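Working notes, beginning with the structure itself.
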Amino acid sequence: MNKFDILLSPPVAFIIFLGLTFLIYALGRGLAPKLKNVGGKLKTYACGEDIPGVKIQWGYRLFFFIALFFTIMHVAALVMATVPAGKILFFSLIYLVMIFLSVVALVTRSS
C-alpha cells in the first residue's frame, strides 16, 4: 500500500476538491469587477423589455403539478431508453403520444 493511497479515499478526495473549489471561487471573486448599481443594471430584464416582479404563491398544488410533470418525463425517458429494437419499437411511439397527451392534460388543467 502506497503512502499516497489515503488521498484517493472518497472523504479525503471530497475535502481536497471542496477546498480547491473554494480557492477557485475566491480567486474569481477577487478578479471580478465590483458591481455598481448604474441605471437598470440590477433590474429584471428580458428581450429589451423591463419585467415587473411578480410574487409566486408556492403551495402544495403547484408543487404537485411540477413533481407530477417531472415524474412523467423521467419515467418516459427511462422507458424509451430501455425499449429493445425490433417490432416493439412501434409501441414506444404510441407510448410517447400517450405521454404527450398526459402532459398536455396536466398543463391545461393547471392553467
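Points worth noting:
- Qualifying residue in the stretch 75-90 (condition: at pLDDT below 80 and under 25 Å from the mean Cα position of the chain (by Cα)): no
- Candidates L27, L68, L20, filtered to the one that is in the same structural domain as F100 (by TED's automatic domain parsing), among the aliphatic types (A, V, I, L, M) and either surrounded by 10 or more Cβ atoms within 10 Å (Cβ to Cβ) or assigned to a helix (DSSP H, G or I) (or both): L68
- Of everything in the stretch 31-65 that is part of a strand (DSSP E or B) and under 30 Å from V103 (Cα atoms), the residue that is modelled with the lowest pLDDT is Y45.
- Unmet requirement for A85, which otherwise passes all of (1) surrounded by fewer than 10 Cβ atoms within 10 Å (Cβ to Cβ); (2) farther than 30 Å from L96 by Cβ: (2)
- Matching residues, the stretch 66-108, being in contact (Cβ under 8 Å) with a residue 12 or more places away in the chain, within 30 Å of I56 (Cβ to Cβ) and not aliphatic (A, V, I, L, M): F69, S102
- Qualifying residue in the stretch 39-48 (condition: of a type in the set (A, V, I, L, M, F, W, C) and surrounded by 10 or more Cβ atoms within 10 Å (Cβ to Cβ)): yes
- Count of residues meeting criterion [touching a helix residue (DSSP H, G or I) at 6+ places or on another chain (Cβ under 9 Å) and surrounded by fewer than 11 Cβ atoms within 10 Å (Cβ to Cβ)] in the stretch 88-97: 0
The values are calculated or read from the model by the stated rules, or taken from the named source; none is laboratory data. Because the structure is predicted, anything quoted here is derived from the model rather than measured. Quick reminder, even Gly has a Cβ in these numbers, built from the backbone with ideal geometry, and neighbours come from all protein chains shown.
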